[in-house]
Amino acid sequence: MGKLFYIIGKSSTGKDTIFQSLLEKKDLGLRPLVLYTTRPMRAGETPGLQYHFTDENGLAKLEAQGRVIELRAYHTVHGIWKYFTADTEATDLERSSYLAVGVLESFRSVRDYYGKDRVVPIYIEVEDGERLQRALDRERAQEEPRYAEMCRRFLADSEDFSEEKIQEAGIEKRFYNRELTECIEEISSWIRDSLKL
């Protein structure tokens, strides 16, 4: 039986980089479960890799087909951006194990949909000062930096990832991303143990 490993953490903790690195480790045999968003694509992102980029019409079609597992809407300084998981991937947990990236709310919904025994959280943490610097560096690299949105997201993470909410989600194991390579190796080893590879 396969598992769905779900990477969770505040913004700028390295989730997307860790996600890509784990997928590249062929011995883990993980396949990506790519989420959807209506937000604009950032510089360096590839459709179908970090997210499936869609619009309100695309979301409405998937909702009408009953394929949306979970949906979150964020009121940003640039309008409402939506993120969601849809059951459109060729997800077969009987045969394969998967890797996804999301937030606590999406993790809980996906876990409830597929089952607690199948969806495993990988919670990433970074010290707040370091996280803020990473967010600023990333935003500066954008063609049109969105600093107000970066600040809103940073502040919202304190509430969204409170200790109470982390405990309510049943997250026990945490991975500290002080040094990226070491963090990836620690997570890889933990996944191997979880899958008995």
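The values are calculated or read from the model by the stated rules, or taken from the named source; none is laboratory data. Since this is a predicted model, take the numbers as computed values, not measurements. Positions of Cβ are generated from backbone atoms using ideal geometry, with glycine treated the same way; all protein chains shown enter the neighbour counts.
For this structure, a couple of remarks:
- Taking the stretch 56-84 as the range and being assigned to a loop (DSSP other than H, G, I, E, B) and without any contact (Cβ under 8 Å) to a residue 40 or more places away in the chain as the test, the residues that pass are Q65, G66, R67.
- Any hit, the stretch 96-117, residues being free of Cβ contacts under 8 Å to residues at least 60 places away in the same chain, more than 17 Å from G14 (Cβ to Cβ) and touching a Gly at 6+ places or on another chain (Cβ under 8 Å): yes
- Every residue from the stretch 122-149 that is part of a helix (DSSP H, G or I) and either without any contact (Cβ under 8 Å) to a residue 60 or more places away in the chain or farther than 17 Å from G14 by Cα (or both): D128, G129, E130, Q133, L136, D137, E139, R140, Y147, A148, E149
- Here is the figure for the stretch 36-48: residues that are over 14 Å from the mean Cα position of the chain (by Cα) and outside any loop (DSSP other than H, G, I, E, B) total 1.
- Number of the condition not met by F53 [criteria: (1) farther than 27 Å from P145 by Cα; (2) free of Cβ contacts under 8 Å to residues at least 40 places away in the same chain]: (1)
- Residue in the stretch 28-35 that is farther than 23 Å from S194 by Cβ and part of a loop (DSSP other than H, G, I, E, B) present: no
- Just one of (1) at pLDDT 90 or above; (2) over 22 Å from S188 (Cα atoms) fails for L99. It is (2).
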